[in-house]
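To keep things clear, I will list the structure first and then write my remarks on it.
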Amino acid sequence: MEFCAARRAILQLLGTVAPADRPALLQWMRTTRDFDEFTQDNNDIMLKNIADDLRNCLPLETMLSSEHLALQKIQQQPKPTVHVDAFLYDEDFIDSLCEEGKMSRNYCMVCGSHQTAPLGFISHSFSLMELKFIYHHVLPDLSGKVLVDVGSRLGTVLFGGYLYSSAEQLYGVELNGDFCQLQEMVIKKYQFNDRIKVLHADICTQGSLLQNADVVIMNNVFEYFLNESEQARAWEYISHNVRKQGSLLLTVPSLEESLSVLQTNIQLSPWVKEVPLNYDECLPEDTDREALEQIHLYEIL
Ligand SMILES: C[S@@+](CC[C@H](N)C(=O)[O-])C[C@H]1O[C@@H](n2cnc3c(N)ncnc32)[C@H](O)[C@@H]1O
């Protein structure tokens with residue numbers, strides 16, 4: 001149905017609604033999120049445009065020379081590993097870069113021979129698919145809520161939250177000033193500044209922000225960017241300040257996994273309760289289930 005015919009049909013339908021119920025129906029049409037599935041495509045397109053903008057400002061490996069420790073930790077992985085940012089480069093994009101010879105999924109085990117093995121891939125950002133899973137299936141309705149993304153990097157969690165949720169305020173805290181500038185560029189271009197704010201800071205200076213947050217997101221924040229004693233200190237700070245009863249903490253990987261390699265005094269059972277997630281919920285066939293299973297949600301006790 002074309003636009004004019006659809007509009008006529010809607011007006012006709014409204015004409016048949018009992019006059020006493022019409023205000024309630026109109027109010028529902030103005031405020032409901034039931035139409036989200038029809039506007040989703042626009043939001044996906046906007047996020048893809050943001051990815052285009054960011055790709056144009058960053059090298060292929062999406063790491064900055066200022067990220068010494070992260071670069072070093074990638075080089076020290078047991079198997080050769082490359083950083084490919086999952087928000088900027090989806091599987092199809094990687095395939096086309098491989099076809100053009102700009103990227104490879106394999107490394108040569110014996111130089112000059114045909115013996116190859118798959119490279120390890122890591123991403124410092126959530127992919128579009130992970131963001132949609134988080135906002136559509138993991139988190140509840142965020143109307144009136146404050147969300148904090150710890151280590152907001154390219155801003156993907158914030159932009160996803162702006163487009164896919166009704167969160168009232170989305171705060172990003174990022175240690176790296178260059179990434180803060182990139183986030184500001186996107187916020188300005190897409191006019192996201194009514195609901196998104198980025199702070200260039202160490203999260204360990206943001207106690208009151210963490211204490212007031214309704215949702216805190218932590219996507220592998222510390223492992224690649226801090227040494228072990230700094231990681232332990234940062235986790236202690238998080239566990240002392242993310243304390244609002246009933247608030248939610250979403251982590252990748254699980255808290256158990258992050259903390260198992262560190263020396264901390266954090267006791268999980270008096271602090272958080274894990275909320276089971278349904279990883280099969282309404283997901284497209286090509287979903288990377290392994291990536292989704294890294295996502296964990298906790299309620300603060
Ligand atoms: C893996 S990225 C997460 C990106 C983003 N949240 C996402 O999910 O797409 C982690 C980011 O945390 C930042 N970071 C590490 N330690 C931090 C700290 N103590 N305070 C603020 N940001 C930190 C790093 O600079 C890095 O950009």
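The values are calculated or read from the model by the stated rules, or taken from the named source; none is laboratory data. Bear in mind that the values here come from a model prediction, so they are computed numbers and not experimental data. Quick reminder, even Gly has a Cβ in these numbers, built from the backbone with ideal geometry, and neighbours come from all protein chains shown. Each accessible area value is taken on the protein alone, full model and side chains, heavy atoms only, with ligands, DNA and RNA left out. Shrake-Rupley method; radii C 1.70, N 1.55, O 1.52, S 1.80 Å.
Using packing as a proxy for protection, rank 7-16, 289-298, 151-160 so that the peptide with the highest average count of other Cβ atoms within 10 Å comes first. Intermediate values should be presented prior to the final figure.
Values: 7-16: 9.9, 289-298: 16.4, 151-160: 26.3.
Per-residue mean Cβ counts within 10 Å order the peptides as 151-160, 289-298, 7-16.
Once fully extended, how much extra length lies between residue 199 and residue 287, figured as 0.36 nm per residue of separation less the alpha-carbon to alpha-carbon distance? Can you show the working numbers first?
Values: separation 88, 0.36 × 88 = 31.68 nm, distance 3.25 nm.
In short, 28.4 nm is gained.
Do the sum for the chain: with -39,500 (n - 2.57) for every DSSP H run of n ≥ 4, divided by all residues, what is the mean residue ellipticity at 222 nm, to the nearest 500 deg cm²/dmol?
On the way: 12 runs with 121 residues, N = 301.
Mean residue ellipticity, 222 nm, calculated: -12000 deg cm²/dmol.
With the other protein chains left in place, how much accessible area per residue, in square angstrom, belongs to the range 128-300 at a 1.4 angstrom probe? If you can, show how the numbers build up before the last one.
Details: 7970 Å² over 173 residues.
Using a 1.4 Å probe on heavy atoms only, each residue of the range 128-300 averages 46 Å².
Taking the chain as the reference, fit the longest principal axis to its C-alpha atoms, fit the long axis of helix 36-57 to the helix C-alpha atoms, and give the angle between the two in degrees, 0 to 90, nearest 10.
Tilt of helix 36-57: around 40 degrees.
Which of rounded, prolate or oblate describes the range 42-84 when judged by the alpha-carbon gyration tensor and an a/c cut-off of 1.5?
Since a/c reaches 1.5 and a/b is larger than b/c, the shape of the range 42-84 is classed as prolate.
Expressed as a whole percentage, what fraction of the accessible surface of the range 196-301 belongs to carbon and sulfur atoms when a 1.4 Å probe is rolled over the protein heavy atoms? Show your work: numbers first, answer last.
On the way: 2500 of 5570 Å².
Roughly 45 percent of what the probe reaches on the range 196-301 is carbon or sulfur.
How would 229, 247 rank on accessible area, largest to smallest, probe 1.4 Å? Let's see the in-between values first.
Working: 229 85, 247 5 Å².
The ordering from most to least exposed comes out as 229, 247.
Tell me which residues come under 5 Å, amide H to amide H, from residue 272 once H is placed; ignore anything under 5 positions away on its chain.
Here 301 satisfy the definition.
For the cross-link pairs 48/197; 244/273; 197/273; 79/132; 145/197, which exceed 25 Å when the distance is taken from alpha carbon to alpha carbon? Could you put the intermediate results ahead of the total?
Details: 48/197 21 Å; 244/273 13 Å; 197/273 29 Å; 79/132 30 Å; 145/197 14 Å.
Table pairs above 25 Å Cα-Cα are 197/273; 79/132.
How far, in degrees from 0 to 90, does helix 177-189 lean away from the longest principal axis of the Cα atoms of the chain, to the nearest 10?
Taking Cα atoms only, the helix is inclined about 20 degrees.
Normalised by the residues of the chain, what does the relative contact order come to in percent, with Cα pairs under 8 Å and at least six apart?
On the way: 396 pairs, mean separation 38.8, N = 301.
It comes to 13 percent, rounded to a whole number.
What does the extension gain come out to for residue 243 and residue 166, with contour length at 0.36 nm per residue minus their alpha carbon separation?
Values: separation 77, 0.36 × 77 = 27.72 nm, distance 2.28 nm.
That pair, residue 243 and residue 166, stretches by 25.4 nm at full extension.
With angles folded into 0 to 90 degrees, how steeply does helix 22-31 sit against the dominant principal axis of the chain? Use alpha carbons for both and round to 10.
Tilt relative to the chain: about 20 degrees.
Assign one of three labels to the range 128-300, namely rounded, prolate or oblate, based on the Cα gyration tensor with a ≥ b ≥ c the square roots of its eigenvalues; rounded applies when a/c is under 1.5, prolate when it is not and a/b is larger than b/c, and oblate otherwise.
Numbers: a/c = 1.44, a/b = 1.09, b/c = 1.32.
Rounded shape, in that the Cα axes give a/c under 1.5.
With a ≥ b ≥ c the root eigenvalues of the C-alpha gyration tensor of the chain, is it rounded (a/c under 1.5), prolate (a/b larger than b/c) or oblate?
Working: a/c = 2.00, a/b = 1.35, b/c = 1.48.
Taking the square roots of the gyration eigenvalues as a ≥ b ≥ c, the chain is oblate.
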